[in-house]
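In what follows, a structure is listed as structure tokens, so that the remarks can point back to it.
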Amino acid sequence: MASLKPTKSRFGSFALPFMRQQHLTIGLDIGSHAVKVCELAANGKRMKLQSLGSARLPVDAVQDGELKDPAAVAGIIKKLIDNLKIKGKKVGISISGYSVILKKINLAVMNEKQLDAHIQSEAEQYIPFDLADVYLDYQDLKTNIDNESRTDVMLVAAKREVVDAYLEMLRSIGLIPVLVDVDAFALENAYEINFGEEGNVVLVDIGSSKMNINIISRGASLFARDVVLGSRQLSEQIQERFDLDFEEAEGYKIGLQSPDAKQEDLEEIFVGTITQWILEIKKAIDFYNSNFPENPLTKIVMSGGGAKVKGLDRFFSEETGLPVEVFNPFAQTDIDESRIDPEYIKNVAPEMAISIGLATRPCPF
């Protein structure tokens, strides 16, 4: 088994050597609820969508970012890629959860060689895992302006056993993993590909079982964390309250089903659950405002399947006082509407953000 080789990529990720001839990585977002695949091709200064799709995973096949049923996940990924007729084999994935540590540290300004030596010798004081058990990477954020003597460095560590399980699973179905990124940075990459590096923005990706919050300012991540809260909470509570199947509960969650007599109970469920999400987002915003008062936040950008919850954008805006928009990661992507239904694109766009962030990455070798 080939070993991971950390690369000084823009977003502090881990890259793997691979065969030639594929220019962009196939983005493979393996969540706890579904697998999302995106394939792009370069099209001048823009990207062109080649393929995309998603497939639901069995309940608990992936828990807190860890594979629990690799055979089932492998089978679903293979079937999805075969159905989409994707010929490329080189894929990029991202991970999150308890096995990933993101830590921003402030260090004296050093050249690349000095910084690498310092990280390798001092990382154990920042990482709560045995260094022999993790893959380690870092990125100098170059926050030293006006010749300041110190800079911020983003340190990333991921448990080897968790990463290796994903690599082994992908290789078992003939795929070649070339990149292991972190959800927060894949999301950031998707946003900046579409909207550049201007502004101070809160990216909130609401998945089935976790919520990722990433505050970026002028192209640098200043705060990133995962929260074990997600939109599945809503579906399960609706399902239990009204004795529905999961699909019916999903319909009420995203507004496909008229609430009718259930309106009051649904509002109680939504407010109780979403208030927890708001509290976590406000903590991040308060941290940012206290540390960077001179650069006020401009907006919140929501993505993930949870972003499709009806009225969530308005609720977030009322509670935080910031404008809120639902992320369209295809904004700068050319789409052949004769091949891919634009209504389908519109429906799935928010939940494809991480897979697109991975798919925009050039193959690293």
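For the chain, with a Gaussian network of springs between Cα atoms less than 10 Å apart, report the residue from Lys48, Lys159, Lys142 with the top mean-square fluctuation.
Lys142
Show which lysines lie in cross-link reach of Lys87 when reach means a straight Cα distance below 24 angstrom and same-chain residues fewer than eight apart are skipped.
Excluding near neighbours in sequence, the set is Lys36, Lys45, Lys48, Lys78, Lys79.
Using the scaling law 2.2 N^0.38 Å as the reference, what is the normalised Cα Rg of region 233-365?
Cα-based Rg divided by the globular estimate yields 1.26.
Might you work out the accessible area of Lys78 for me, using a 1.4 Å probe with all protein chains in place, and round it to the nearest 10 Å²?
90 Å²
When a/c is below 1.5 the answer is rounded, else prolate if a/b is larger than b/c, else oblate, so apply that to region 108-224 with a ≥ b ≥ c taken from the square roots of the Cα gyration tensor eigenvalues.
oblate
Can you spot the aspartates and glutamates whose alpha carbon is less than 17 Å from Lys68's alpha carbon? Ignore those fewer than 8 places along the same chain.
Cα-Cα hits under 17 Å: Asp29, Asp60, Glu161, Asp164, Glu168.
Projecting each Cα onto the charge dipole of region 126-233 (Lys/Arg +1, Asp/Glu -1 at the beta carbon, about the Cα centre), which of Gly196, Phe185, Ile206 comes out farthest on the positive side?
My answer, from the dipole projection, is Ile206.
Checking the cross-link filter: which aspartates and glutamates have an alpha carbon closer than 14 Å to that of Lys308, excluding same-chain neighbours under 8 positions apart?
Asp205, Glu250, Glu325, Glu351
Between beta-carbons, use under 9 Å as the cut-off and find the net charge around Ser221, counting Lys and Arg +1, Asp and Glu -1.
Cβ neighbours under 9 Å give a net charge of 0.
Of the residues Gly65, Gly255, Gly31, which exhibits the maximal mean-square fluctuation in a Gaussian network model of the chain defined by a 10 Å Cα contact cut-off?
Gly255
Based on alpha-carbon centroids, what's the gap between region 263-341 and region 35-101 in Å, whole number please?
24 Å
As a check on your grasp of the helix formula, calculate [θ] at 222 nm for the chain: sum -39500 (n - 2.57) over DSSP H runs of n ≥ 4, divide by the residue count, round to the nearest 500.
Per the formula, -10500 deg cm²/dmol.
Taking the Cα centre of region 47-204 as the origin, how large is its charge dipole in debye, to the nearest 20, when only Lys and Arg (+1) and Asp and Glu (-1) carry charge on their Cβ atoms?
The calculation lands at about 1000 debye.
How many lysine pairs are close in region 100-255, with Cα atoms under 29 Å apart and the two 8 or more places apart or on different chains?
13
Could you give the DSSP H helices of the chain that reach 20 angstrom or more along their long axis (alpha carbon positions) and whose average Kyte-Doolittle hydropathy is no lower than -0.5?
Counting only whole DSSP H runs, the qualifying helices are 70-84, 263-291.
For Cα pairs less than 8 Å apart in space and 6+ apart in sequence, what is the mean separation divided by the residue count of the chain, i.e. the relative contact order in percent?
Relative contact order comes out at 22 percent.
Rounding to the nearest 20 debye, state how big the charge dipole of the chain is about its Cα centre with +1 on each Lys and Arg Cβ and -1 on each Asp and Glu Cβ.
Charge dipole, the chain, about its Cα centre: 1480 debye, nearest 20.
Whenever you get a sec, compute what percent of the accessible area on region 214-255 sits on carbon and sulfur atoms (1.4 Å probe).
42 percent
Note down the accessible area of Asp29, probe 1.4 Å, to the nearest 10 Å².
Here the accessible area works out near 10 Å².
The values are calculated or read from the model by the stated rules, or taken from the named source; none is laboratory data. What you are looking at is a predicted structure, and each value in this text was computed from that prediction instead of being measured. Because the Cβ atoms are built from the backbone with ideal geometry, glycine has one as well, and the counts that use them run over all protein chains shown. The area values use the complete protein model at the heavy-atom level, side chains included, leaving out ligands, DNA and RNA. Shrake-Rupley method; radii C 1.70, N 1.55, O 1.52, S 1.80 Å.
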